[in-house]
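Any read-out appearing in this document is the output of simple, stated calculations on the displayed coordinates, not a laboratory observation. This structure is a prediction, so every number in the text was calculated from the model and none was measured. We place every Cβ from the backbone using ideal geometry, glycine too, and count neighbours over all the protein chains shown.
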Amino acid sequence: MGLWSRPDPPGPKRGAAGNGAVYLGIATLMYAIYMFVGGLDFRSAVEPEFNFVGRNGTRFVLDGKPFFVNGWNSYWLMDQAVEDFSRPRVGAILRAGSELGLTVCRTWAFNDGTERALQVSLGRFDERVFQALDRVVAEARRHRIRLILSLVNNLQEHGGKTQYVKWAWDAGIGLSTSNNSFFFDPSIRSYFKAYVKTILTRKNHLTGVEYRDDPTIFAWELMNEPECMSDPTGDTLQDWMEEMAEYVKSIDKKHLVTVGFEGFMGQQAPRGSWCKPGRLVQNPWIGLHPQQQNLIHRLRFCAYISRSLDGSTPG
C-alpha cells in the first residue's frame, strides 16, 4: 500500500516570488564572494620561512648560507613593552633597524625584584611583564630581526646577581653577602637554573611557540658583562659558565649560547683600548683569561663591543 496526499489545487505557487528573491540573493552573495576571494593573493598571508641560525666553524649560517650579523643593543625593549603608552617604541626601533639592514638586536630577558620586574620574587613572575617579553619576540619576528636575549645582569640595575644573593641571604641559606657568591653558591646556581628553565620553556601567548622553539631568538646570553673579581684566576667564572651553558643546552638544543662579555682590555693598553676575545692577556676586571671561554664546549660564539655608530671606541 502506498502513501497518498492530496495534490495542491491549480493556481500560482505560494511563495514562488519569495523563493526567487532568496535564490537571487544567494547567487549574488556567491558571486561577490567569488570576486572577492579571486582578488586575494594568499601568498601574502603566508609568513616567509624563518629558520634557526647556526654555526659552521667560525661562520654563522642560515639555510646553508653565511649569515652576517649587523646588530645593535636596545636593552629596554621588554620594559617599554609593558605599558600601552610606551609600547609603540618597541615596534619603532625594530622597524628602524630592519629598514637600516640590521639583523640582530640584543636585549634583556630579565628584571629581578625591581620596578616592573619580570621575576617579582624568587620563582614568582609577573604575567603582565612576561606578556611584554612575548610582544618583543613577536614584534621582532614581524620585522625579521633576530634577538640575543640576556638572562641576568652582572650589575645591580634590574636586580642582577645582587638580587639573587639577597634572596639567598634573606632565606638563610646564602653562603655570603658578596655579590660574587652568585657564581659559586650552589643554592644561587639552582635559583638561576630555575629561572633559565622558566624563560626557555615559556610559551608565547601571541604565537603559541615556546621560546626554545622560536628561531626569532638568535642566541641566549648567560649574563650581561659577567665579572668575578674575587677570583683573579678565572676558575670560578669559568666553572659557572661551563655549568650554565651545559644546562641551557640540556633544555634547548636549537639555539646558540654566548656569555655576554663587553670586550677585553690588554694589560699594557691604556684605558679605553679594547681587543677581541681570544687575545692571550689576563683581564683583571672580570677574573677570566679570554682564551678560557673559547674552550667551553657549549659556547657557540663570543660577542664583544667593537665600534659605536659614530666610529668611536667605547671607553
query: ³J(HN,Hα) across the stretch 230-240 via Karplus (A = 6.51, B = -1.76, C = 1.60, θ = phi - 60°), whole Hz, x for Gly/Pro?
result: 6, 10, x, 6, x, 5, 5, 5, 4, 5, 4
- prompt: Between VAL259 and residues 5 or more places away or on another chain, which pairs have amide H atoms under 5 Å apart, with H built 1.01 Å from N, and which residues are they?
  reply: LEU222, ALA303
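Considering all alpha-carbon pairs of the stretch 123-264, what whole percent are spaced by more than 23 angstrom?
Counting pairs separated by more than 23 Å, the tail of P(r) holds 36 percent.
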- request: Hey, for a label at LEU62 modelled as a point 7 Å past Cα toward Cβ, could you say which residues of the stretch 74-100 have their backbone N under 15 Å away?
  value: 95, 97-100
- prompt: Karplus couplings for the stretch 180-192 from phi (6.51 cos²θ - 1.76 cosθ + 1.60, θ = phi - 60°), rounded to Hz, Gly and Pro as x?
  reply: 6, 5, 3, 8, 10, 6, x, 5, 5, 4, 5, 4, 5
message: On the Cα set of the stretch 82-134, report Rg and Dmax in Å, please.
response: 13.3, 40
- prompt: Roughly speaking, what is the centre-to-centre gap between the stretch 61-132 and the stretch 173-223 when only Cα atoms are used, to the nearest Å?
  reply: 16 Å
query: When all C-alpha to C-alpha distances in the stretch 50-293 are sorted into bins of 5 Å, what percent of pairs does each bin hold, rounded to whole numbers?
result: 1, 6, 13, 17, 19, 17, 13, 9, 4, 1, 0
Hull shadow area, averaged, the stretch 57-159 [alpha-carbon convex hull, nm²]: 7.8 nm²
Kirkwood Rh, Cα atoms: Rg over Rh of the stretch 209-268: 1.06
